[in-house]
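Visitor: Dropping the structure in here first, questions after.
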Amino acid sequence: MSLTFHWFLPTNGDSRHVVGGGHGTPARAFGRDRPPTVAYLSQIARAAEDLGFVGALTPTGAWCEDAWLTTAMVGQHTERLKFLVAFRPGFVSPTLAAQMASTFQRQTGGRLLLNVVTGGESHEQRAYGDFLDKDDRYRRTGEFLQIVSELWHGKTVDLAGEHLRVEGATLARVPDPVPAVYFGGSSPIAGEIAARHADVYLTWGEPPAAVAEKIAWIRRLAAQQGRTVRFGIRLHVITRDTSGRAWAEAHRLLDGFDPETVQAVQEGLARSESEGQRRMLALHGGSRDDLEIHPNLWAGIGLVRGGAGTALVGSHTEVAERIAEYHRLGIDEFVLSGYPHLEEAYWFGEGVLPELEARGLWTHPFRDAADTRPTAQVPFAGARGPRRD
């Protein structure tokens, strides 16, 4: 089975520095040197498509552009790339969300994947009019996914749940194919909902031993439901021709983290209700010291960014070895990103993917098309194109 790789659309802006944001932490003005225009995001998407990424994750939250609208526009500038759209249940009715997904599938030729984000920060949820506590949000997510799944499979749904109620809900046209549901969460209630409804369980980039424990946990819960679940991991990546050059880039990014910003971000993230965020913070403890927490796994990104806070750092061969290590644990899908996202997509796609192909772990999903179509270059204001230094 070929590994699946997804890239990331930086809908909060891009830069040669780390752009913050996520989990209640506002994106910093510093570092957003490339605005998230449709032209620039399309350039990243077309590059990812040509290089062999299957999809691209688009985040959700007050700190970035809306994922549904952005991917609907970027999708018109791509041909095969799928969009892993981050979506929060509770902000939209389940019937409308099912209809939106069905429309997206028809208009893009079946290129929607759904990343369900329950929401770990009550203060951010309240800003959108959602006043449920964290556990109730997860229970509502379970009801939401039950309704949506039944609608997608052509059923008429009547459900009077604890949090959601629909009567006679139906879709005039069901999606083809039904979008895969990606789901993450490290709390007990998150595991319960994932086991019941997820197609792919996503974890942030913890050391392999911790990831193995999560995989075993979800597999056990899913088996109790008579289900099987695939597994993916969310990581940043810094890969270069040599290990020294990759670590030099990591240190350059670290040098751009001023102490005041690190302190402010860490204080904000310490208030997070997310168990996954708590686990990310524990990897570095707010300190710049000892950030390589496993060979080639660097926790520096998490000093200034909420959510995924670790990066694979090393030569193309070293990064390929770490990916193979995670794959041996049961990880089949990798959701990656890097700063800036256009250039780093090329570093990974031209450096690491051929290494994995030589090991028999990956094949280009669009090879015939990629070999016959020139790489697209969608211009954007201030673009200089990939820089390989």
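Visitor: Mind checking which of 9, 147, 59 is farthest towards the positive end of the chain's charge dipole, using Cβ charges of +1 (Lys, Arg) and -1 (Asp, Glu) about the Cα centre?
Guide: After comparing all options, I get 147.
Visitor: Please list, ordered by chain and number, the residues whose modelled amide H lies under 5 Å from the amide H of residue 57; skip anything fewer than 5 residues away on the same chain.
Guide: Residues meeting the criterion, in which the H sits 1.01 Å from N, are 7, 8, 9, 84.
Visitor: Nothing charged except the Cβ atoms of Lys and Arg (+1) and of Asp and Glu (-1): what's the magnitude of the dipole of the chain about its Cα centre? Round to the nearest 20 debye. Don't skip to the end; give the middle numbers.
Guide: On the way: 41 positive and 47 negative charges, 106 e Å.
Rounded to the nearest 20 debye, it is 520 debye.
Visitor: Express in nm, to one decimal, how much length is gained between residue 228 and residue 359 on full extension, taking 0.36 nm for each residue of separation and deducting their alpha carbon distance. Let's see the in-between values first.
Guide: Details: separation 131, 0.36 × 131 = 47.16 nm, distance 2.66 nm.
Between residue 228 and residue 359, full extension yields 44.5 nm more.
Visitor: In what sequence, highest mean first, do 181-187, 105-111 appear when ranked by Cβ atoms within 10 angstrom? Please report the intermediate quantities before stating the final value.
Guide: Working: 181-187: 23.1, 105-111: 15.6.
The most tightly packed comes first, giving 181-187, 105-111.
Visitor: Taking 8 Å as the Cα distance limit and 6 or more residues as the minimum spacing, I'd like the relative contact order of the chain as a percentage. Could the numbers behind the result be given before it?
Guide: Details: 763 pairs, mean separation 84.9, N = 389.
Once divided by the residue count of the chain, the mean separation gives 22 percent.
Visitor: What distance in nm separates the two pseudo spin-label positions at residue 258 and residue 79, each 7 Å out from Cα along the beta-carbon direction?
Guide: 4.6
Visitor: Select from 188, 277, 166 the residue farthest towards the positive end of the dipole of the stretch 141-286; place +1 on Cβ of Lys and Arg, -1 on Cβ of Asp and Glu, and compute about the Cα centre.
Guide: 188
Visitor: Using Cα positions and a limit of under 25 Å, work out the lysines in reach of residue 214, with same-chain residues fewer than 8 apart set aside.
Guide: 134
Visitor: Would you list which aspartates and glutamates come within 19 Å of residue 155, measuring only between C-alpha atoms, while excluding same-chain residues fewer than 8 positions from it?
Guide: Residue 155 reaches 143, 167, 176.
Visitor: Next question, about the same structure. Toward the positive end of the charge dipole of the chain, about the Cα centre and with charges on Cβ (Lys, Arg +1; Asp, Glu -1), which of 309, 178, 338 goes farthest?
Guide: 178
Visitor: Just grab the label-to-label distance for residue 106 and residue 173, each label 7 Å out from Cα along the Cβ direction, in nm (one decimal).
Guide: Going by the 7 Å Cα→Cβ label model, 0.2 nm.
Visitor: Only Cα pairs under 8 Å and at least 6 apart count here; give the relative contact order of the stretch 149-202 as a rounded whole percent. Write out the running numbers ahead of the final one.
Guide: Numbers: 61 pairs, mean separation 14.5, N = 54.
For the stretch 149-202, the relative contact order is 27 percent.
Visitor: What's the Cα-based Rg to Rh of the chain, Rh via Kirkwood?
Guide: On the way: Rg = 19.9 Å, Rh = 21.2 Å.
Over the Cα atoms of the chain, Rg/Rh equals 0.94.
Visitor: Continuing with this model, one more query. Using just the helices of the chain, give the 222 nm mean residue ellipticity in deg cm²/dmol: DSSP H runs with n ≥ 4 each add -39,500 (n - 2.57), and the total is spread over all residues, rounded to 500. Mind dumping the intermediate values first?
Guide: On the way: 13 runs with 161 residues, N = 389.
Using -39500 (n - 2.57) per qualifying helix, the result is -13000 deg cm²/dmol.
Visitor: Arrange the peptides 159-168, 86-95, 197-206 so that the one whose residues have, on average, the most other Cβ atoms within 10 Å appears first. Mind dumping the intermediate values first?
Guide: Numbers: 159-168: 13.0, 86-95: 19.3, 197-206: 23.9.
Descending packing order for the listed peptides: 197-206, 86-95, 159-168.
Visitor: Let me ask something else about it. How big is the dipole moment of the stretch 141-240 about its Cα centre under a simple scheme where the beta carbon of each Lys and Arg is +1, that of each Asp and Glu is -1, and everything else is neutral? Debye, nearest 20, please. Each step should come with its number before you reach the end.
Guide: On the way: 11 positive and 10 negative charges, 90 e Å.
It works out to roughly 440 debye.
Visitor: Where both residues lie in the chain, what percent of DSSP beta bridges are antiparallel, nearest 5?
Guide: Values: 9 of 45 bridges.
If I count the DSSP bridges inside the chain, around 20 percent turn out antiparallel.
Visitor: To continue, here is another question. Counting pairs of alpha carbon atoms under 8 Å apart in space and at least six apart in sequence, what relative contact order in percent does the stretch 128-220 give?
Guide: Value for the stretch 128-220: 22 percent.
Where a number appears in this text, it was derived from the coordinates with a stated rule and is not lab data. Here the structure is a predicted model, which means the values were calculated and not measured. Neighbour counts run over all protein chains shown; Cβ positions are idealised from the backbone, glycine included.
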